[in-house]
Amino acid sequence: MGRYAGAVSEQVQRTLVLVKPDGVARGVTGEVLRRVESKGYRVIALELRRATPDLLAHHYAEHQGKPFYQPLVDFMLSGPLVALVAEGHRVIEGFRSLAGATDPTAAAPGTVRGDLGRDWGSAVQQNIVHGSDSPESAAREIGLWFPAL
Ligand code: IDP
Ligand code: MG
């Protein structure tokens, strides 16, 4: 059942997941949550909220200066999103695998982005979810979105 605890050699990880404004607007928050939970990860924090310019400047600092940066920020401010923290062994890699490739047109069927996302002709790829890409990113992003954790 995946709960055998006799020889655990790795640290339990946490990752930040965002159901982006397109995902909330299209009503697929529950579907994303279902996939996270069905995979066996534990949701340890969950909140419907709006991003702010300051929060996004920190969250997407690595993308500042890129042509899609301002469209990305505007998109992330365009409506409510759902922020959550999921926990489990290798959850950072595991959620990235569930999410699929960044470009929803190219993302494999079976993934969140491949099944639920598409190109809408906008300057930024609207791709339903965000997931932290490394332990360092996860720690930084969870600190930004859920400072109490
Ligand atoms: P990721 O979300 O798969 O980690 P990143 O490279 O971190 O992808 O980019 C952050 C977000 O910026 C993406 O999820 C997507 O919404 C958008 N984005 C990334 N690359 C492009 C691009 O080349 N054109 C338009 N939008 C992009
Ligand atoms: Mg990224």
| field | Percent carbon-and-sulfur accessible area, the chain, ignoring ligands, DNA and RNA, probe 1.4 Å | value | 52
| message | With a 1.4 Å probe and all protein chains left in place, how much accessible area per residue does region 1-112 have, in Å²? | response | 55
| task | Report the residues of region 129-149 in range of a label on ALA101: point 7 Å along Cα→C-beta, backbone N strictly under 17 Å from it. | result | 129
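Counting Lys +1, Arg +1, Asp -1, Glu -1, what net charge surrounds ILE92 among other residues with beta carbon under 11 Å of its beta carbon? Present the calculation step by step, with values, prior to reporting the outcome.
Values: positive: ARG14, ARG90, ARG96; negative: GLU87, GLU93, ASP133, GLU136, GLU141.
It works out to a net charge of -2.
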| field | region 1-147: Rg to Rh, with Rh as the Kirkwood radius over Cα pairs | value | 0.96
| field | Residue-count net charge about GLU37 - beta-carbon cut-off 14 Å; Lys, Arg +1, Asp, Glu -1 | value | +2
| Just how far, in whole angstrom, is region 104-149 from region 15-87 if you go by their alpha carbon centroids? | 7
| field | Simple label model, 7 Å out from Cα along Cβ direction - LYS39 to ALA123, nm | value | 3.1
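At 0.36 nm per residue, and after removing the present C-alpha to C-alpha distance, how many nm does the segment from LEU55 to VAL12 gain when stretched out fully?
Values: separation 43, 0.36 × 43 = 15.48 nm, distance 2.62 nm.
Taking LEU55 through VAL12 to full extension adds about 12.9 nm, to one decimal.
Shape of region 54-124 from its Cα gyration tensor (a ≥ b ≥ c, root eigenvalues): rounded if a/c is under 1.5, otherwise prolate when a/b > b/c, or oblate? It would help to have the intermediate numbers written out before the result.
On the way: a/c = 1.87, a/b = 1.22, b/c = 1.52.
In terms of gyration-tensor shape, oblate.
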| said: To test your reading of the geometry: what angle, between 0 and 90 degrees and rounded to tens, separates the Cα axis of helix 135-145 from the longest principal axis of the chain? | reply: 60
| field | Two-site FRET efficiency, GLU47 against ARG26, from Cβ-Cβ distance with R₀ of 25 Å, rounded to 0.05 | value | 0.85
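The values are calculated or read from the model by the stated rules, or taken from the named source; none is laboratory data. Here the structure is a predicted model, which is why all the values come from computation and not from measurement. Cβ: placed from backbone, ideal geometry, glycine included. Neighbour counts: every protein chain shown. Heads up: the accessible areas ignore ligands, DNA and RNA and are worked out on the full protein's heavy atoms, side chains in. Shrake-Rupley method; radii C 1.70, N 1.55, O 1.52, S 1.80 Å.
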